[in-house]
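Here is the structure we will look at.
The values are calculated or read from the model by the stated rules, or taken from the named source; none is laboratory data. All of these numbers come straight from a predicted model, not from anything done at the bench. Neighbour counts run over all protein chains shown; Cβ positions are idealised from the backbone, glycine included. To get the accessible areas, we keep the full protein, side chains included, count just its heavy atoms, and leave off ligands, DNA and RNA. Shrake-Rupley method; radii C 1.70, N 1.55, O 1.52, S 1.80 Å.
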Amino acid sequence: MLAAMLNTHLSSIKAQDIELGTIDIATFGANVDGMIIYKNMTGDAEFMSIDCITNGLYKVIADYYPIVMGRPSIGKNGKGVIVVDPDNLCMPDIAELSVKLPAEHFFETCNYKNGDMVKFFNLRKFFRESGI
């Protein structure tokens, strides 16, 4: 069922070349990693299934951000473009992880310039101590 829903979303992506601007080219090749953490407060085994997350992500990408699934190239005018080809999409990696340590273990707090306390998720600590 998930495959059918994903195919529906992906089939709505149109072929297009999206020209990059100066700022896009300045950050060209930057890797944007993301990690979303959900805490199952109820202990429900069906809480936030990976299928639900995957379906939602693909729908948002297909409807609003097809550039995410494109590939960098040089356009006919010699400028940098992202080519979105429905037959050759660059699919995001999506994984479900289970870690025995609580998410709070990986959060750290630091003082911001104006004296505010800022909490951030320490990815290095996560990869080092989670067993992932």
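Ignoring everything except DSSP H segments at least 4 long, calculate the 222 nm mean residue ellipticity for the chain; use -39,500 (n - 2.57) per segment, divide by total residues, nearest 500.
Working: 4 runs with 37 residues, N = 132.
Per the formula, -8000 deg cm²/dmol.
Cut-off 14 Å, label point 7 angstrom out along Cα-to-Cβ of I67: give me the residues of region 84-108 whose amide nitrogen falls inside.
84
Could you check the spin-label model distance between K14 and D116? Points 7 Å from the Cα along Cα→Cβ, value in nm.
Those two pseudo-labels are separated by 4.0 nm.
For region 28-132, what is the largest minus smallest coordinate of the Cα atoms on each principal axis, given in angstrom and ordered from greatest to least?
Principal-axis extents of region 28-132 (Cα, largest first): 50, 41, 26 Å.
Carbon and sulfur: what percent of region 44-132's accessible surface (1.4 Å probe)?
54
Given a 1.4 angstrom probe, what's the average accessible area per residue across the chain, in square angstrom?
Working: 10190 Å² over 132 residues.
Spelled out: the 1.4 Å probe surface of the chain, per residue, equals 77 Å².
Along the Cα→Cβ direction, 7 angstrom out, place labels at C90 and M5. What is the inter-label distance in nm?
Spacing of the two 7 Å Cα→Cβ label points: 2.6 nm.
Residues with beta-carbon under 14 Å from that of K76, excluding K76: net charge, scoring Lys, Arg +1 and Asp, Glu -1? Please report the intermediate quantities before stating the final value.
Numbers: positive: K79; negative: D17, E19.
Once all neighbours under 14 Å are counted, the net charge is -1.
When the dipole is taken about the Cα centre of the chain, and only Lys, Arg (+1) and Asp, Glu (-1) are charged at their Cβ, what size is it in debye, to the nearest 20?
Numbers: 12 positive and 16 negative charges, 75 e Å.
With Lys and Arg at +1 and Asp and Glu at -1, about 360 debye.
Compute a Gaussian network model of the chain, connecting alpha carbons closer than 10 Å, and tell me which residue from L101, L20, L57 fluctuates the most.
L101
Within 11 Å, Cβ to Cβ, of E108, how many net charges do the neighbouring residues add up to if Lys/Arg are +1 and Asp/Glu are -1?
Details: positive: K119, R124, K125; negative: E104.
Result for the local shell: +2.
If you line up the long axis of helix 50-64 against the longest principal axis of the chain, both from Cα atoms, how many degrees apart are they, to the nearest 10?
Long axis of 50-64 versus the principal axis of the chain: about 40 degrees.
Projecting each Cα onto the charge dipole of the chain (Lys/Arg +1, Asp/Glu -1 at the beta carbon, about the Cα centre), which of V81, L6, Y112 comes out farthest on the positive side?
After comparing all options, I get Y112.
Could you count how many Lys pairs in the chain have their Cα atoms under 20 Å apart, skipping same-chain pairs fewer than 8 positions apart? Present the calculation step by step, with values, prior to reporting the outcome.
Details: K14/K59; K14/K76; K39/K100; K39/K119; K39/K125; K100/K125.
Within the chain, the lysine pair count is 6.
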